[in-house]
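No lab work stands behind these numbers, since they all come straight from the coordinates. Note that the structure is predicted; figures quoted are calculated from it, not measured. Note that we place each Cβ from the backbone using ideal geometry, even for glycine, and neighbour counts take in every protein chain shown.
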Amino acid sequence: MDNTQSEAMKKAQELIKQKDDIEAEIRKAQEELQSQKVGMNEKLVDNNGFPRSDIDLVLVTTARSNIVRLKNDHKAIMDKIEEALHAVHAEALAEKQRSSNMANTQSASTSVADKRTGTKQDSNEESLIPFARVNAVAPDSPAKDAGLMQGDRIVAFGTINIKTSNIMASLSEHVQSRENKPIIVRVLRGVSTELHSLILVPKQGWGGRGLLGCHIVPA
């Protein structure tokens, strides 16, 4: 099972790399438009209906076409990343259930089994307790790309949860140790009790401070 789960995570990492490459190409095309001082919507003809002579028409039309195509590719790859994330979580849940079943099988008495059932319920309740909150998210940051939103309540951040000692310090250390590697983040959003699972990849060079681009405070 561990090998299968590793393969699922490997696939997610490969998809994230493809996403990063697409985003880099989009930025390059946008910079080409900026070099001509135009965007996606400005007219390419003058008031007399002739092609504008103040811009490189081939460069602009090519860049615009590339941006449209790349944004479609980006949407498709994000859908694949979401599917890969679901696969990772499904395997993790299956492994957890199998481990639980093995523990119950090894139980020597009904009373011990009952106690374990109670412990499992308590554990499930604890797993829904937020330990931190997203106070702000910077544009174009790794946190923004992952789908984190201001106000999200963090239930799990990789291996960090409500039972972790020195939570905020541990979270910071975990982020540093996972640079350029995916972290599965589980959050509660709004008044809903539905968990949202996200893939966050800490990285430098995104245009702002830190590896995440968000401000996380204790819940």
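Data for the structure
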{"read-out": "Unmet criterion (only one of (1) part of a helix (DSSP H, G or I); (2) more than 30 Å from residue 88 (Cα to Cα)) for residue 16", "value": "(2)"}
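Okay, residues lined up against (1) in contact with a strand residue (DSSP E or B) (Cβ under 9 Å, 6 or more places away or on another chain); (2) among the hydrophobic types (A, V, I, L, M, F, W, C); (3) not in a loop (DSSP other than H, G, I, E, B):
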residue: 163; (1), (2), (3): no, no, no
residue: 169; (1), (2), (3): no, yes, yes
residue: 175; (1), (2), (3): yes, yes, yes
residue: 186; (1), (2), (3): yes, no, yes
residue: 190; (1), (2), (3): no, no, no
residue: 203; (1), (2), (3): no, no, no
residue: 210; (1), (2), (3): no, no, no
residue: 215; (1), (2), (3): yes, no, yes
